[in-house]
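Below: the structure, in structure tokens.
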């Protein structure tokens, strides 16, 4: 059995898991599975899965010819996609890529004016089908990776502020996902993972993910 992907038969939603690795998956840095300790919850801040895939395939790092992506994506109807192998380091969160898995939930977030002062409310809820699929994926990952112990939101790990795009005198949060409507209470009741928010995490320059 390859270490690259979780076997489909370990997932609760057998008919809703598709492995569609990104074209540059084999160019991402390799790691051992026992290095994985964190699961980071993101939302795409885009309208749909097609837009997320387009962004994920975009080459942003010319030296390695790779881009930014989570390992798994959960659509609003509960469909699950794996885009990056577990034994590869995905670029999804500043300073925590190597020990973590990135899981992205399709949600508009602040789209399309992410850093405008007038767009800092995240109002699209996470539907039950999406949340239950995420919890099923979480169960499968916990079963496959005994070293996985912590869960955090992207906003917990990247707390940098940036200049807003509509007011040069204002600052806004660079990352707010998964945002205030993500059901943290339910998730933490249903998983053995502990939410861990590091203190005094400055992070790298804002130009990096």
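Would you confirm whether or not region 89-112 contains a residue that is over 23 Å from residue 151 (Cα atoms) and either assigned to a loop (DSSP other than H, G, I, E, B) or in contact (Cβ under 8 Å) with a residue 60 or more places away in the chain (or both)? Yes, region 89-112 contains at least one residue that is over 23 Å from residue 151 (Cα atoms) and either assigned to a loop (DSSP other than H, G, I, E, B) or in contact (Cβ under 8 Å) with a residue 60 or more places away in the chain (or both). Considered as a group, the residues in region 190-199 that are over 17 Å from the mean Cα position of the chain (by Cα) and closer than 15 Å to residue 155 by Cβ include one that is surrounded by the fewest Cβ atoms within 10 Å (Cβ to Cβ), and that residue is 199. Out of the residues in region 113-146 that are at pLDDT 95 or above and farther than 19 Å from residue 183 by Cβ, which is nearest to the chain's Cα centre (by Cα)? Looking at residues that are at pLDDT 95 or above and farther than 19 Å from residue 183 by Cβ, I get 114. Here residue 172 passes the criteria (1) over 15 Å from the mean Cα position of the chain (by Cα); (2) part of a loop (DSSP other than H, G, I, E, B); (3) over 23 Å from residue 77 (Cα atoms); (4) at pLDDT 95 or above except the one numbered (2). Could you please find all residues in region 174-189 being in contact (Cβ under 8 Å) with a residue 24 or more places away in the chain, in contact with a helix residue (DSSP H, G or I) (Cβ under 8 Å, 6 or more places away or on another chain) and buried (at least 16 other Cβ atoms within 10 Å of the Cβ)? Passing the criteria: 176, 177, 178, 179, 183, 187.
The values are calculated or read from the model by the stated rules, or taken from the named source; none is laboratory data. Quick caveat, the model's predicted, so the values are computed rather than measured. Neighbour counts are summed over all protein chains in view; Cβ atoms, including those assigned to glycine, are modelled from backbone coordinates with ideal geometry.
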